[in-house]
Amino acid sequence: MRAITLALTSLALVGATAATAQTTAPAAGAPAAPAATAAPMLTPGSKIYDPQGAEIATVDSVSGANVVVSTGTNKLTIPASSFGPGANGPVIAATREQLDAAAAQATAASAAALEQRLVAGTDVHGSGGMVVGKVKSRDDSGVLVTTPKGDVRVPLTSLTADATGLAIGMTAAEFDAAVAAAKS
């Protein structure tokens with residue numbers, strides 16, 4: 001499974017409070033509308049439900065304002081604010097099929113962005129942002145990255161496209177150590 005970060009801003013909160021929110025002010029002397037229901041508990045292992053109450057995912061992890069959920073097919077990172085309280089537990093305004101379709105679309109877009117950047121001369125950045133080398137060539141098995149310490153072949157799966165070009169999931173120091181190890 002591949003973790004996919006999605007901006008699911010089109011998914012609205014679903015919950016009894018949101019669905020029945022008053023659109024007019026209460027009559028004089030009438031009790032105030034109840035306060036919004038507290039945010040649902042999102043902890044690893046929590047089941048996630050769709051608006052109809054079907055279980056669609058499980059929380060893998062929570063990091064700040066982001067929740068990683070698994071549909072069983074895909075992992076997606078979703079803003080915690082996209083979840084609302086439901087009768088069975090946390091609810092999101094999507095079905096499992098919609099989440100999986102969004103993950104497939106994001107995977108395809110990511111692959112296309114990576115393919116566009118896999119050209120000779122493109123900078124490869126380490127996780128700290130420093131340039132660790134440049135693409136020298138590529139083939140179906142990997143990418144040849146040229147560095148001051150020599151050329152090294154890296155698998156295509158180790159690279160991602162980012163705003164600056166290409167990124168590899170290691171720092172410049174880790175990359176240099178890997179290059180040195182490959183040369184010995």
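Only the coordinates and a few stated rules stand behind these numbers; no lab work does. Bear in mind that the values here come from a model prediction, so they are computed numbers and not experimental data. We place every Cβ from the backbone using ideal geometry, glycine too, and count neighbours over all the protein chains shown.
If you filter the range 132-175 down to residues that are touching a helix residue (DSSP H, G or I) at 6+ places or on another chain (Cβ under 9 Å) and small (Gly, Ala, Ser), you find that the one that is farthest from LEU114 (Cα to Cα) is GLY150.
The number of residues in the range 79-131 being touching a Lys or Arg at 6+ places or on another chain (Cβ under 7 Å) and surrounded by 15 or more Cβ atoms within 10 Å (Cβ to Cβ) comes to 5. In the range 45-75, what residues are surrounded by fewer than 15 Cβ atoms within 10 Å (Cβ to Cβ) and among the basic types (Lys, Arg)? Listed by number, the list holds a single entry, LYS47.
Highlighted here are the strands (runs of 3 or more DSSP E) found entirely within the range 97-184 that include at least 2 residues which are under 30 Å from GLY72 (Cα atoms): 159-162, 165-168. Looking at the range 86-100, can you tell me whether even one residue there is under 30 Å from THR58 (Cα atoms) and free of Cβ contacts under 8 Å to residues at least 12 places away in the same chain? Yes, the range 86-100 contains a residue that is under 30 Å from THR58 (Cα atoms) and free of Cβ contacts under 8 Å to residues at least 12 places away in the same chain.
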